[in-house]
Amino acid sequence: MATILDWSGAAACRGSEGSLFYSADSAERKEDRLEREQLAKRICSGCAVRDDCLRAAIDRHESYGIWGGLNEFERRALTRVV
Ligand code: SF4
């Protein structure tokens, strides 16, 4: 069985600003959120472990942040149709 440690070493986001992947401010403006998420998703798009990351986030019901190139709303929508 794979664990998060099996794939996290190959994460493209290693060393990136965590604030790109998570909102630092609950009152973040929509435009700022979209811009921040776009930058994070750009990193995810070139990540070799994107599928593992997304699967782990869904399995753990991650409530916040960009995982596997999707934000929490996109992950919830994905699990509703699967
Ligand atoms: S998919 Fe994105 S959040 Fe997940 S490990 Fe890769 S770069 Fe990091």
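The values are calculated or read from the model by the stated rules, or taken from the named source; none is laboratory data. Quick caveat, the model's predicted, so the values are computed rather than measured. All Cβ positions, glycine included, derive from the backbone under ideal geometry; neighbour counts span all protein chains shown. Surface accessibility is based on the protein's heavy atoms, side chains included, excluding ligands, DNA and RNA. Shrake-Rupley method; radii C 1.70, N 1.55, O 1.52, S 1.80 Å.
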(Q) Computing the accessible area with a 1.4 Å probe over protein heavy atoms, can you report the carbon and sulfur percentage for the chain? (A) 54
Q.
What number comes out for accessible area per residue over the chain if the probe is 1.4 Å? Units Å², please.
A. 70
Q: With runs of 4+ DSSP H residues as the only contributors, calculate the mean residue ellipticity of the chain at 222 nm using -39,500 (n - 2.57) per run, divided by the residue total and rounded to the nearest 500.
A: -15500 deg cm²/dmol
(Q) If I stretch the segment between Glu28 and Arg42 completely, what's the gain in nm (0.36 nm per residue apart, minus their alpha carbon distance), one decimal? (A) 3.1 nm
Q. Which part of region 27-69 falls in the paramagnetic zone of Thr79, meaning amide N under 17 Å from the point 7 Å along Cα-to-beta-carbon?
A. 51-69
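Please go through region 1-72 and write out the trypsin sites (Lys or Arg not before Pro) that DSSP classes as loop and that have at most 13 other C-beta atoms within 10 Å. Provide the component values of the computation, followed by the final result.
Values: sites: Arg14, Arg29, Lys30, Arg33, Arg36, Lys41, Arg42, Arg50, Arg55, Arg60; in loops: Arg14, Arg29, Arg60.
Those satisfying the criteria are Arg14, Arg29, Arg60.
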